[in-house]
Structure formats: structure tokens, C-alpha cells
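Scroll down for the structure; my scribbles are underneath it.
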Amino acid sequence: MKIDRSIRDWLIKVSTEKKVRLEGNILKIIEADADDAEFQTYLKESIDQDTETRRKRLDVTRQVQDQNRELQASEEKNRQMNEELKIALENAELAKKEAEVAKDAALSDLDVMQKKSQFELIGTIVKTALAVIGSVGIITTVMYAIAMFTGKDTQIIGSTWSNMFGILLTNAFSIVGTIMGVKYASESQKSSE
């Protein structure tokens, strides 16, 4: 397609003064006269510039597409890492709860064992104290009985027998009171913790 001389001159003027040229498919259909070297040069340079501009745009488009693919891959990787982190945090929370349950169970078992040990110790102390008290009481009673049957003076042994039973009874209550006090003190100390 041939264009008017005034349009040709205007295109060359704009290209020289403003550095603006025609672009796109319109360049494929414009023809220069065979004897118009200046317009042929204009068209050739315009086609070359258009080709270079399209190549640069294509390069930019490819770079943007590559960057978009990289960003999508990074986003997917971040999403997977966030999922893994979330699962790890949930597992850590579960492990923490299990550890707390195990700790509570161990403390409960320890408390039961301590109470059992204290109960057994108190039982042993009470049995021993009762055995000693009973033994002393029986021995003193036998001695008092022997003294009475043999006709010996029982005044000293009678008062000793009476005092011995009073002391044994007082000591028995003292032992039981001490045991109960220790037990009460240890229970109130645990409840205050």
C-alpha cells in the first residue's frame, strides 16, 4: 500500500524530531516507491526497531512468566513448610500435654508411695510401742503377783506397779499424739503446696 507524500514527510519528520516511529503490522503493508531511498530506510529502520521492541517485550514477558513460576513454586514451598510447622506445633503441644499427664501420674504415684510408707512406719511404731508397754505391764504385774503370793511386802512394788502403768499409759498417748501430729503436719504442708 502506497501512502500520500505529505503523510510520508510527516512520518519522517516525527521520527527525526520526536524519535517516534510506526510500529506493528501496519509496517508490513506500507510500501515505499522504488526511487525513494529515504522512506525505504525509514521503513527498514522502523521494522528493525519494531522487531527489536517485540523481542524485548517477549524477553520481558518470559522473565515475568519465569518469575511467576518461581513465585508460585516458592508459594507452594512456603505453604508446605507452614503445614509442616503447624503439624510440628500440634505434635509439640500433644507431647507437652502427655508429659504433663505423665508428670501428674508420677507425682500421684509418689504421693501414694509416701503415704503407704508413712502408714507402714506409723503401724510399726504403734505395734512396737504397744509391745513394749504390754511387756512392761505384764512383767510388772507378774512381779507384783509373785510378791503377793510369796507374802513379801507389796507396798513398794504396788506403788511402782501403779506408777509404771500411769507412765506407760501416758507414753502410749504421747506416742500416738506425736504420730498424729506428724501426719497432720505433713498433710497440711502438701495441701499448701
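Within segment 1-31, restricting attention to residues that are closer than 21 Å to T51 by Cβ and charged (D, E, K, R), the residue that is surrounded by the most Cβ atoms within 10 Å (Cβ to Cβ) is R21. The selection criterion, being part of a helix (DSSP H, G or I), at pLDDT 80 or above and not small (G, A, S), holds for V101. Looking at A129, A99, A34, can you tell me which residue is surrounded by 10 or more Cβ atoms within 10 Å (Cβ to Cβ) and without any contact (Cβ under 8 Å) to a residue 40 or more places away in the chain? A99 is the lone residue from the list that is surrounded by 10 or more Cβ atoms within 10 Å (Cβ to Cβ) and without any contact (Cβ under 8 Å) to a residue 40 or more places away in the chain. Pairs meeting the criteria (first residue in segment 20-31 and among the acidic types (D, E), second residue surrounded by 10 or more Cβ atoms within 10 Å (Cβ to Cβ) and in a loop (DSSP other than H, G, I, E, B), beta carbons under 9 Å, at least 6 apart or on different chains) are E31/I3.
Of all the criteria given as (1) free of Cβ contacts under 8 Å to residues at least 60 places away in the same chain; (2) surrounded by 10 or more Cβ atoms within 10 Å (Cβ to Cβ); (3) among the hydrophobic types (A, V, I, L, M, F, W, C), the one not satisfied by F149 is (2).
Taken over segment 36-76, the criterion of being over 24 Å from R8 (Cα atoms) and polar (S, T, N, Q) is satisfied by T61, Q63, Q65, Q67, N68, Q72, S74.
Kindly indicate whether any position in segment 118-132 is modelled with pLDDT under 90, more than 30 Å from G24 (Cα to Cα) and among the acidic types (D, E). Give the steps one after another, and end with the answer.
We begin by selecting, within segment 118-132, every residue modelled with pLDDT under 90; these are 118-132.
Remaining after also requiring more than 30 Å from G24 (Cα to Cα): 118-132.
Of the ones still in play, those that are also among the acidic types (D, E) are 120.
Yes, segment 118-132 has at least one match.
The values are calculated or read from the model by the stated rules, or taken from the named source; none is laboratory data. Model, not experiment: these values are computed from the prediction. So basically every Cβ, Gly included, is an ideal-geometry build from the backbone, and we count neighbours across all protein chains shown.
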